[in-house]
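Worksheet: the structure to be examined is printed underneath.
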Amino acid sequence: MQRKTKIMTAVTAALAVITLGSGTVLQMHAANNVSAVSQTVAPSSVKADSSQLTADSTSGTKQNYTVKYADKQTTDQAATLQKKTYGSNDSAAKQVDYVGSNTRGTTVKLNKSTTAVVQGVMGHTYVHWNKGDWSVTAVASNADATGTPTQFAKQINKQVKSASLPKSSTGAITVYSGTQNEEANEVTWQQGKQLYTVNGKTADTTVKLAQDAK
């Protein structure tokens, strides 16, 4: 009887350890989930000239998450911030569409210290320049009558200089004049194995969202 009691006690203790171990794993897994914007680098809201965005939903894990933003007036989804973790720094760096200073085309002054290169391709004008480890490309449709490609590029350059961009090994900004039907504007930057990407419907809110990501 005593032997049976000892065996039962040992089994109970073993089950307790297993249960505790299982619970610990579940807790670790749950702790790795991301369900609130405060658990990410993303801001809860963003205000730019064109509109104001509010974080609408957050999903994923600490290594890979997505934060979606809705336009405060229309309530439509207007932007997304994503974090993805790759196996190496090089793998993450390859995802950044960085454009160097070897581009060809006519040059234009955006301000006293910034010179850009202008190229025309298939009904669009591309104005490109570099800011430290970042490349910036402003794209304007030749059919857009609201302003010239250079004016749009100057506007973006002014915004980029108005606030710091996230610290990164390399980063790239590609934005379009006028509001896009899709989240075509993009800001991407690398931090080690992590890749952060912001997509949005308007250029100014997309850049501002990246600037506010800390």
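Worth pointing out:
- Answer from Gly100, Gly123 - the residue that is under 26 Å from Gln194 (Cβ atoms), exposed (fewer than 11 other Cβ atoms within 10 Å of the Cβ) and not polar (S, T, N, Q): Gly100
- Qualifying residue in segment 104-111 (condition: farther than 19 Å from Lys47 by Cα, surrounded by 18 or more Cβ atoms within 10 Å (Cβ to Cβ) and in contact (Cβ under 8 Å) with a residue 60 or more places away in the chain): no
- Pick from segment 36-94, criterion out of contact with any Ser or Thr (no Cβ under 6 Å at 6 or more places or on another chain) and acidic (Asp, Glu), ranking: surrounded by the most Cβ atoms within 10 Å (Cβ to Cβ): Asp56
- Within segment 140-176, the set of residues being of a type outside the set (Val, Ile, Thr), assigned to a strand (DSSP E or B) and in contact with an Asp or Glu (Cβ under 9 Å, 6 or more places away or on another chain) comprises Gly171, Ala172.
- Condition check for Lys208: surrounded by fewer than 18 Cβ atoms within 10 Å (Cβ to Cβ) and modelled with pLDDT of 95 or more: no
- Within segment 70-102, the residues that satisfy the criterion of being out of contact with any Gly (no Cβ under 8 Å at 6 or more places or on another chain) and in a strand (DSSP E or B) are Ala70, Asp71, Gln77, Leu81, Gln82, Lys84, Thr85.
- Every condition in (1) touching a residue at least 40 places away in the same chain (Cβ under 8 Å); (2) outside any loop (DSSP other than H, G, I, E, B) is met by Thr54 except one, and the failing one is (1).
- Subset tally (residues that are in a loop (DSSP other than H, G, I, E, B) and either under 23 Å from Glu183 (Cα atoms) or in contact with a Leu (Cβ under 7 Å, 6 or more places away or on another chain) (or both)) for segment 103-131: 2
The values are calculated or read from the model by the stated rules, or taken from the named source; none is laboratory data. Because the structure is predicted, anything quoted here is derived from the model rather than measured. All Cβ positions, glycine included, derive from the backbone under ideal geometry; neighbour counts span all protein chains shown.
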